Amino acid sequence: MGILKTFALGGVHPEENKLSANAPIEVLPLPKQAIIPLGQNLGAPSKAIVKKGDKVKVGQLIAEASGFISTNIHSPVSGTVFKLDNVIDGSGYKRPGIIINVDGDEWDESIDISDTLITEITDDAQAIIDKVKKAGLVGMGGATFPTYVKLMPPPGKVAEYLIINGVECEPYLTSDHRLMLEKGQEMLIGTKILMKALGVSKAIIGIENNKPDAINHISVLAKDFEGISVQALKVQYPQGGEKQLIKATVNREVPSGKLPIEVGCVVQNVGTAFAVYEAVQKNKPLIDRVVSVTGKAVKKPANYLARIGTPIQQLIDASEGLPENTGKIVNGGPMMGKALTSLDVPVVKGSSGILLMKKEESSRKVESPCIRCSKCTYVCPMGLEPYLLSKAAKLAKYDIAEDEMVMDCIECGSCQYTCPASIPLLDYLRLGKSKVGAIMRDRNKK
Amino acid sequence: MDNVILIAVIALGSLGLVAAVILYFIASKFKVFEDPKIDEVEEALPAANCGGCGEPGCRAFAESCVKTAKETKALEGLNCPVGGNDVMQDVGKILGLEVEAKAPMIAVVRCHGSKTNSPEKVNYEGATSCAFAHALYAGEGGCMHGCLGLGDCVDVCDFDAIHMNPETGLPEVNDKCTACNACVVACPRDIIELRKKGPKGKRIFVSCINEEKGAPAKKNCQVACIGCSKCFKVCPHDAITMNSFLAYIDFEKCTLCRKCVVECPTNAIHEINFKPRKPRPEKPAASVERKPAPKKVEEKVEAGQTAVKEEKKETPNDNKE
Amino acid sequence: MNMFTVSGSPHVHGDDSTKKIMYGVVYAMIPAILVSVYFFGLDAIRVLVLSVIGCLFFEWVIQKYLIKGGTTINDGSALVTGILLAFNVPSNLPSWMIIIGALVAIGMAKMSFGGLGKNIFNPALVARVFLLISFPVQMTSWPKPKAITEGLADVVTGPTPLGIVKEGLDAGKTMSELKPQIPTYMQDLMGQMGGSMGEVSALALILGGIYMLVKKIITWHIPVSMLGTVVIFSGILWGFNPEHYADPVFHLLTGGMLLGAIFMATDMVSCPMTKRGQLVYGFGIGLLTILIRIWGAYPEGVSFAILFMNAVVPLINKAFKPKRFGAKPGVAINQ
């Protein structure tokens, strides 16, 4: 393995707490009612094409993309469309969605539901991209950027490396880890498919060193795949960030404000690679995903293969219920996940885990004055000065925030994690980003 | 010795002369003509530089006043909300124009989801910024249209006219409001609206902007507008419009007849600065006659919606707040 | 029914706190405290206690009655200031002067700027310089260090090594003539030299510095660049004329150099925010110190140098930004 690589600037190392690392993926029973929000990807929400009372099968298209950065949504269950209504999303907002009453489990005929492994890739690059687009694939790491867009580099840009993100640098989460252990073969075929679609000959799978079993397993399997190598990485948050991962694996820096393709790289999550395998080889759209249910008080930390639309209450029940002293529910990991306002929200394409935090863990510490220790600048993986940016945003000095490159912030939370004064730095950074973003859009319009 | 003094005088004198000539030519070359009226108009403005008129400051406003007056012989679309009619009349006098009087406006907070009306369902921790909280979640009470109570409107107010009421967790506007529009822009949920101040500060408005259907709206807030259209039907002046389960009172058409207020089943329609009405016939409560002098009320709170509630329902038992 | 908390990410915290940092600094100062008590006896304890109590008291009074807010005397920042102030004065300083020093440190240098985190200058240093200018005689008559085991009586005052060299050179003597009068390096290291309470033992200060480096309270940038500059600059002068200039090791071990480099210049509040800036800041302090020591009116220049550079910190923060990710163009492979 040699010396472990990592990214150069900043970074923190929070307690790993990978409680569900040894729990094999369980298939969760079907929900009675599936709630499918229409906005499941970054970009424009999808447009429903079914109406109340329609019978749907598993895998049937129920909502289609409404723009370039948008995706198809397929029914994750079979049954009757109960209604098209506003459904509550994780943040408590009501957004349009489709509610389906489940009846049996009848799959669309075009989907191959057998377990046979199909190694041979018969489709050409364009066919792969079409299939990926049709299947409604998004980045499974949580950002939910439509996958097919990443497979079509803008004119003049050529991809050189495909980097598969198996880092899972978020504490607690283990869904990618389990997927690599249990579906390694499929994931590697998916990687091969992505390589073909992009026309690259080299793929690197980056895995952090706290998953030695996954590194070994994938390294052994990867011997049969030409061009795919495994890169063990030093444990360091936020290594799963695209730009950090590129820096760690191929030592290239994505220029400020640019996409990874600028340095010839395309990054995909292991979950996405697996979904690509299913979509291309099995014709199965994105209707389920692996979700970790974890937390210090959870009786049975586990990883579930859950259909999209399953209420998270059902996942928690499968892990023997909501612990008595739960104070916060996080959709995703503790560093970048979103706090949920209620349990009535469904699993969506971007749900990588449900973290139940104890009451005593869920409150922030009391804020005290900044002592200018500059630890936030030391840990910032983007080389920014969070203390300055948050102050600028707080005082509405958005011009300063823009000059100091607030838009480069990847919202990893390292600054706030490390701040001895417990200042909500990232809150203000986000505020600054949204305000500066709006100002920049206005300016571009003019 | 005389020589030295002479040389010094001549040298300095000629130097001064040359400089004076250069200065004269430069000054005449780069002279910028400015209408002296701009200065006069600026003098008449309140010098708050609040930007309420839409211009970057009072000087810019004065410039555009003079420019528009020259071009169109009117001051169409130009109004200094802070100075109000008096100032605009003065500006008109300077520019030799008639300015028609505009009704004074005031900021109105159209949400009454206080801690009692819309009980907390989750507990928010983080930056005291409505803009951030708006992006993060729907709100402690669960209403995605309601006031977040973190005071972005208070922060932007230059006139000390809007304050948070710690009991209700809602902002309240007082008489210092100049309708400069800053809080309207600052509110990420568009709750605050500029409305006609009304005679003696009397005004009626729907204190809710939730367009959801009745049941989900009421689930989060007991004083939400449920879109029942009762006010719409009762209004004799067509001042009320219904827009997807939300009533809106057009302040230009409203005659302050107060018919809609009693009709509203959720008390979402607020009346401000009215004398307490006589006890309703169906509620024959032997109430304690509270007679606040109207003047006093006006001084005290303008949009004190809590106070309004108290005035309307006279029986203390009814007083839920 | 559980009431869930909603907040932006991150949902975990690294468990670091202002209090931990401040007490970390206090722990790092323990060796130097012990050494000063060993050499200066009861007087050292008197100065320490008065200074610490004075600082805590003034912080409490000002926060409670002038600012009228909550008090933060528990966070340890006033404690650190108190100990550092004690380190910066001779152990025989009259008690009332120490109290005045504490008032200047907390009231003038810290609270008048808005309290913790907002002061431009290091409070303890402001107090030291204030006292030095106001009471030059008392502030420059240092008792000779004498091990506590040698008895408590008969405190003799004497000049610091820096004072000896400065006066001697000004009087036209050469370094080799002065050599017998100044302590050996070993004595400097152990603390057997005249000086302010905290600066006498180089070894104890270095121990504290290592502790703070390990605990990540400070980074190496400021001490290394400051001491490096001192060694290089004084080394050049010494190489030029060893009879007229003291050698670098002498400059390094005597006076407030190590105390300044390890505890004063690294004060988080008043030092630059970026590592590049810190290198520049350390360089500036080192250069100024030697300039003052050799050509200035005072034999010692560390405190003036640090205060001067404190004033430059906002400019340094503006000029020296951290290395931004992706600022330099990536590997251009598409051309």
message: Let me confirm something: among B:Pro199, B:Pro216, which residue is modelled with pLDDT under 90, over 15 Å from the mean Cα position of the chain (by Cα) and more than 14 Å from every other protein chain (Cβ to nearest Cβ)?
response: B:Pro199
Test result for A:Ile204, in a helix (DSSP H, G or I) and either charged (D, E, K, R) or away from chain C (no Cβ under 14 Å) (or both): no
query: Which members of the stretch A:361-374 meet the condition of being closer than 11 Å to A:Ile423 by Cβ and more than 7 Å from every other protein chain (Cβ to nearest Cβ)?
result: A:Val366, A:Glu367
task: Provide a single number: the residues in the stretch B:198-216 that are over 25 Å from B:Lys253 (Cβ atoms) and surrounded by 21 or more Cβ atoms within 10 Å (Cβ to Cβ).
output: 1
message: Is it the case, given these coordinates, that C:Lys110 is basic (Lys, Arg) and part of a loop (DSSP other than H, G, I, E, B)?
response: no
- request: May I ask you to verify whether B:Glu55 is under 30 Å from B:Ala161 (Cα atoms) and not in a loop (DSSP other than H, G, I, E, B)?
  value: no
message: Condition (residue is touching a Lys or Arg at 6+ places or on another chain (Cβ under 9 Å), buried (at least 23 other Cβ atoms within 10 Å of the Cβ), in a strand (DSSP E or B) and of a type in the set (Val, Ile, Thr)) applied to the stretch B:107-118: is it met by at least one residue?
response: yes
- request: For the stretch C:1-49, enumerate the residues that are in a loop (DSSP other than H, G, I, E, B) and among the β-branched types (Val, Ile, Thr).
  value: C:Val12
- prompt: From the residues in the stretch A:220-251 that are facing chain C (nearest Cβ under 10 Å) and either touching a strand residue (DSSP E or B) at 6+ places or on another chain (Cβ under 7 Å) or of a type in the set (Asp, Glu) (or both), which one is surrounded by the most Cβ atoms within 10 Å (Cβ to Cβ)?
  reply: A:Tyr237
query: Taking interchain pairs and intrachain pairs at least six residues apart, which have beta carbon atoms under 8 angstrom, with the first residue in the stretch A:31-53 and part of a loop (DSSP other than H, G, I, E, B) and the second of a type in the set (Phe, Trp, Tyr)?
result: A:Asn41/A:Phe145; A:Leu42/A:Phe145; A:Gly43/A:Phe68; A:Gly43/A:Phe145; A:Lys52/A:Phe82
- prompt: Could you give every pair whose Cβ atoms fall below 6 Å, whose first residue belongs to the stretch C:14-33 and is at the interface with chain A (Cβ under 8 Å from one of its Cβ atoms) and under 17 Å from A:Val379 (Cα atoms), and whose second residue is part of a helix (DSSP H, G or I) and β-branched (Val, Ile, Thr), counting only separations of at least 6 or pairs across chains?
  reply: C:Gly14/A:Thr418
field: Test result for A:Arg289, away from chain C (no Cβ under 14 Å), touching a helix residue (DSSP H, G or I) at 6+ places or on another chain (Cβ under 8 Å), of a type in the set (Lys, Arg) and touching a residue at least 40 places away in the same chain (Cβ under 8 Å)
entry: yes
- request: Go through the stretch B:61-82 and give me each residue that's without any contact (Cβ under 8 Å) to a residue 60 or more places away in the chain and within 19 Å of B:Thr178 (Cα to Cα).
  value: B:Phe61, B:Ala62, B:Gly77, B:Leu78, B:Asn79, B:Cys80
Strands (runs of 3 or more DSSP E) fully within the stretch A:69-168 counting 2 or more residues that are in contact with an Asp or Glu (Cβ under 8 Å, 6 or more places away or on another chain) and outside the structural domain of A:Cys265 (by TED's automatic domain parsing): A:79-88, A:94-102
message: For the stretch A:136-178, give me each residue that is within 30 Å of A:Ala297 (Cα to Cα) and without any contact (Cβ under 8 Å) to a residue 40 or more places away in the chain.
response: none
message: Among the listed residues B:Glu40, B:Glu34, B:Glu100, B:Glu120, identify the single one that is at pLDDT below 90, within 30 Å of A:Ser363 (Cβ to Cβ) and of a type in the set (Asp, Glu).
response: B:Glu120
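Only one of A:Val263, A:Val280 is touching a helix residue (DSSP H, G or I) at 6+ places or on another chain (Cβ under 7 Å), in contact (Cβ under 8 Å) with a residue 60 or more places away in the chain and crowded, with 24+ Cβ neighbours inside 10 Å. Can you tell me which? Spell out the reasoning first.
Details: A:Val263 fails: in contact (Cβ under 8 Å) with a residue 60 or more places away in the chain.
Just one listed residue meets the conditions, A:Val280.
Select from the stretch A:290-322 the residues that are over 26 Å from A:Leu61 (Cβ atoms) and among the hydrophobic types (A, V, I, L, M, F, W, C) and write down the one among them that is surrounded by the most Cβ atoms within 10 Å (Cβ to Cβ).
A:Val293
Quickly run through the stretch A:414-436 and pick out the residues that are among the hydrophobic types (A, V, I, L, M, F, W, C), within 7 Å of another protein chain (Cβ to nearest Cβ) and within 12 Å of A:Tyr387 (Cα to Cα). Let's see the steps before the verdict.
If we filter the stretch A:414-436 for residues that are among the hydrophobic types (A, V, I, L, M, F, W, C), which is where we start, we get A:415, A:419, A:421, A:423, A:425-426, A:429, A:431, A:436.
After this cut, where a residue has to be within 7 Å of another protein chain (Cβ to nearest Cβ) as well, the list is A:421, A:426, A:431.
Scanning the stretch A:414-436 gives A:Ala421, A:Leu426.
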Pick from the stretch C:254-307, criterion part of a loop (DSSP other than H, G, I, E, B), small (Gly, Ala, Ser) and over 22 Å from C:Ala28 (Cβ atoms), ranking: nearest to the other protein chains (Cβ to nearest Cβ): C:Gly301
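Take the residues of the stretch A:9-46 that are small (Gly, Ala, Ser) and within 26 Å of A:Asn72 (Cα to Cα): which is nearest to the other protein chains (Cβ to nearest Cβ)? Reasoning before the result, please.
Taking the stretch A:9-46 and keeping what is small (Gly, Ala, Ser), we get A:10-11, A:20-21, A:23, A:34, A:39, A:43-44, A:46.
Checking the rest, the ones that are also within 26 Å of A:Asn72 (Cα to Cα) come to A:34, A:39, A:43-44, A:46.
Values: A:Ala34: 20, A:Gly39: 14, A:Gly43: 17, A:Ala44: 18, A:Ser46: 21 Å.
The residue in question is A:Gly39.
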task: Give the residue, chosen from A:Ile439, A:Ile423, that is among the β-branched types (Val, Ile, Thr) and surrounded by fewer than 21 Cβ atoms within 10 Å (Cβ to Cβ).
output: A:Ile439
query: Pick from the stretch A:315-351 the residues that are among the small types (Gly, Ala, Ser) and over 20 Å from B:Ala138 (Cβ atoms): which of them is nearest to the other protein chains (Cβ to nearest Cβ)?
result: A:Gly333
task: Among the residues of the stretch B:217-255, write down those that are surrounded by fewer than 15 Cβ atoms within 10 Å (Cβ to Cβ) and either free of Cβ contacts under 8 Å to residues at least 12 places away in the same chain or over 30 Å from A:Ser342 (Cβ atoms) (or both).
output: B:Ser229, B:Lys233, B:Pro236, B:His237, B:Asp238, B:Thr241, B:Asp250, B:Glu252, B:Lys253, B:Thr255
message: Against the definition (crowded, with 17+ Cβ neighbours inside 10 Å, over 23 Å from A:Arg95 (Cα atoms), at pLDDT 90 or above and away from chain A (no Cβ under 14 Å)), how does B:Val173 come out, yes or no?
response: yes
query: From the list C:Glu243, C:Glu177, C:Glu199, which residue is over 18 Å from C:Pro159 (Cα atoms) and of a type in the set (Asp, Glu)?
result: C:Glu243
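The values are calculated or read from the model by the stated rules, or taken from the named source; none is laboratory data. Keep in mind that what you see is a predicted model, and the values were worked out from it rather than measured. In this analysis, Cβ positions are derived from the backbone assuming ideal geometry, glycine residues included, and neighbour counts consider all displayed protein chains.
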